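A short write-up of the structure that comes next.
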Amino acid sequence: MAANPPRTPFLGLPSWPERQAVARALRTETMGGLVLLVAAIAALVWANTPFSNTYFTIRDFHFGIPTLGLDLSVGHWTSDGLLTVFFLVAGIELKRELVVGSLRTPATAVLPVIAALCGMVIPAALYAVTVTAGAGSMDGWAVPMATDIAFALAVLAVISTHLPTALRAFLLTLAVVDDLGAILVIAVFFTSDLNYWALAGAFAGLGVFYVLQRLRVRGWWWYVPLGVTVWALMYNGGVHATVAGVAMGLILRTTRDGGEQKSPGERTGHLLHPVSAGICVPLFALFAAGVSVSPDALGTALTTPEPLGVIVGLVVGKILGIFAGTYLAARFTRAQLNPDLAWADIFGLATLAGIGFTVALLIGELAFPGTAVGEHIKVAVLIASLTAAVLATLLLRRRNSVYRRLYEEENLDEDADGIPDIYQRTEGSST
C-alpha cells in the first residue's frame, strides 16, 4: 500500500526574509491604524456636536480645475485623490506578494486566496439574502466584502496581544487579496458615463509607465507628472480614479537588479507607505466617517435592509467565509495546522477581518452617492467594525498566553546577533 503524502505545514514559522518584510509592512500599518482610529473618532465627535455644520461645510466645499473636469469637493478629493496613494501602495504590496511573497507559488497561495475569496463571497451573499428578505436595494452588495488591515492592526495594538508572526502574515495576505477583490469590484461595477478617449489616454499613459520601468529609467520627475496625468484621465474616463494607483503599483518592478539595494517598488513603497497610512487614509476617514449616531440613526441601521445587510455581512459573513474557507482548503489540500496553534486562532482572526472600515466606506459612497441610505450604510459600517473589534478582542485575548509564549520564542536572541535563535536552529522553515 502506498504511503500517504506528507501534509503541507500551514501557519508555520515564516522564513527570515519574509518575516522581515512582514514586520516592516505591519509596523507602518499599525501606526497608521492608530492615526486612522483617532481620525474616525474625531469625525464622529465633530459631526455630532453643535459644530457639525462646520464639518459638513468643509467636507462639501468644492475646489479644483473645472476646465479639466476636476472641480471636486474636499470629501471627493480625499476619496478619489488621496485614496489613490493608498491603492498605489496596495498594488505594490500585491505585486511583492505575487513575485516574492506568499502568493508566488500555488502551494503557499492556495489557502489565503481561498480564505480571502470565501471572505468576500459569503458576506456579499448574506447581504443579498438580508436585503431580499426586506425588499431592499442590492446596490450595496460589495460593501461588506472589504477588510481594513490598518484598523485591524490598530485593534491588536490597543488590546496588546502578542499575535505570532505567522498569524499576522496570514492576516496581511488576506487583506492584500481582499484589496485586489475590492479594486476589481470598483473597476467593473462602479463605472459611469465612460469617456473612451480619456480612458485610451489613461491606458497609453500606463503603457509609457511600463516602458519606463522596463528601460530602467529612474527619477521622480518622470513618474510623478505621468502618474498625475494617468490619474486625471482615469477619473475623466468614468472609471474610479483609485484604479490608476493600483495599476501603477502593479507595473512597478519589485525584483532587484544586480547592484540595486532596493527595487523601484520597494523604494516607492518605503516612501509612500507612511504617507498613505499616516495622512491619506486618516484624512479620508475624517471626511467619510462623520455621520449622525443619534438613537434614530442607530435604530435605522439596525432595522433597514441595506445597512442591516452590511452589518450581517461584515460580522457574520467574514467569520463564516474566512474560517470555513480556510478549514475546507486545509482539509482538501492536506495542509497541517501549526501544532502550536488551534482553529480557534483562525476563528479569532476571521472575526478581526470583519473590521471593514476604509474600503467599505468608499464602496458605500459609490453604491449610494449622496443619499440617506448612503449615510445609513456608513453608520452600519461603523457598528459592524466596532462589533467585530469587540468580539475579536474577547476571542484573541483568551489565547494571549499562548501567543506570548510563541512571540518570546520567535524573538529570543541570546547571542545578540540580530537574528532570532529559532532561525539558526531551524533548517528550512516554511510559511
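The values are calculated or read from the model by the stated rules, or taken from the named source; none is laboratory data. The structure displayed is predicted, hence computed values, not measured ones. Cβ coordinates were reconstructed from backbone atoms using ideal geometry, including for glycine residues, and neighbour counts include every protein chain displayed. To get the accessible areas, we keep the full protein, side chains included, count just its heavy atoms, and leave off ligands, DNA and RNA. Shrake-Rupley method; radii C 1.70, N 1.55, O 1.52, S 1.80 Å.
Placing +1 on the Cβ of every Lys and Arg and -1 on the Cβ of every Asp and Glu, with nothing else charged, gives the chain a dipole about its Cα centre of roughly 620 debye. If a helix is a whole DSSP H run, which ones in the chain reach 18 Å or further along their own axis (Cα) and hold a mean Kyte-Doolittle hydropathy of at least -0.5? For the chain, where a helix must reach 18 Å along its axis and average at least -0.5, the hits are 16-47, 83-99, 106-133, 165-189, 196-214, 220-236, 318-332, 372-398. Under 26 Å of direct C-alpha separation, and excluding same-chain neighbours fewer than eight residues apart, LYS95 reaches these lysines: LYS262, LYS318.
The accessible-area ordering, largest first, of the residues THR229, THR254 stands as THR229, THR254, per a 1.4 angstrom probe.
Over segment 285-431, the hull volume per residue, using the convex hull of the C-alpha atoms, is 166 Å³.
Longest span of the chain, sites excluded, free of GluC sites (Glu not before Pro) in DSSP loop with at most 16 other C-beta atoms within 10 Å? Between the exposed loop sites, the longest stretch runs 1-259.
Note on ASP340/VAL390: beta-carbon distance plugged into 1/(1 + (r/R0)^6) with R0 of 30 Å gives a FRET efficiency of 0.70. The figure for ILE319 is an accessible area of roughly 30 square angstrom, using a 1.4 Å probe on the protein chains alone. With a ≥ b ≥ c the root eigenvalues of the C-alpha gyration tensor of segment 128-283, is it rounded (a/c under 1.5), prolate (a/b larger than b/c) or oblate? In terms of gyration-tensor shape, oblate. Rg and Dmax over the alpha-carbon atoms of segment 222-266 stand at 13.0, 42 Å.
The helix-only estimate of mean residue ellipticity at 222 nm for the chain, built from DSSP H runs of length n ≥ 4 each weighted as -39500 (n - 2.57), is -21500 deg cm²/dmol after division by the residue total. Residues THR191, THR326, sorted by accessible area with the largest first, give THR191, THR326 [1.4 Å probe; ligands and nucleic acids excluded]. Simple point charges give the picture: +1 on the Cβ of Lys and Arg, -1 on the Cβ of Asp and Glu, and for segment 319-431 a dipole about the Cα centre of about 780 debye. Summing Lys and Arg as +1 and Asp and Glu as -1 over all other residues whose Cβ lies under 12 Å from the Cβ of GLU18 gives a net charge of +4.
For LYS378, list the aspartates and glutamates whose Cα falls under 15 Å from its own Cα; do not include residues on the same chain fewer than 8 positions away. Those aspartates and glutamates meeting the cut-off are ASP139, ASP148, ASP296, GLU306, GLU365. Peptide packing for 203-209, 32-38, 170-176 was compared via the average number of neighbouring C-beta atoms within 10 Å per residue; ordered from the highest value, the list is 170-176, 32-38, 203-209.
Evaluated at q = 0.11, 0.20 Å⁻¹, the base-10 log of the normalised Debye intensity for segment 220-379, with identical point scatterers placed on the Cα atoms, takes the values -0.73, -1.20. Comparing ALA344, TYR423, ALA125 along the charge dipole axis of the chain, the residue lying farthest to the positive side is TYR423, per the Cβ-charge model. Which shape class, rounded, prolate or oblate, goes with segment 1-151 when its Cα gyration tensor gives a ≥ b ≥ c as root eigenvalues, a/c under 1.5 marks rounded, and past that a/b bigger than b/c marks prolate? Prolate, because a/c is 1.5 or more and a/b exceeds b/c. Once you reduce segment 307-373 and segment 135-212 to the center of their Cα atoms, the two points are 14 Å from each other. When all alpha carbon pairs of the chain are counted in 10 Å bins from zero, the resulting P(r) reads 4, 21, 31, 26, 13, 4, 0, 0 %. Take every Cα pair under 8 Å whose residues are at least 6 apart in sequence, average their separation, divide by the length of segment 312-399, and the relative contact order is 40 percent.
For the set PHE51, PHE357, the ranking by accessible area, highest first and with no ligand, DNA or RNA atoms included, is PHE51, PHE357 under a 1.4 Å probe.
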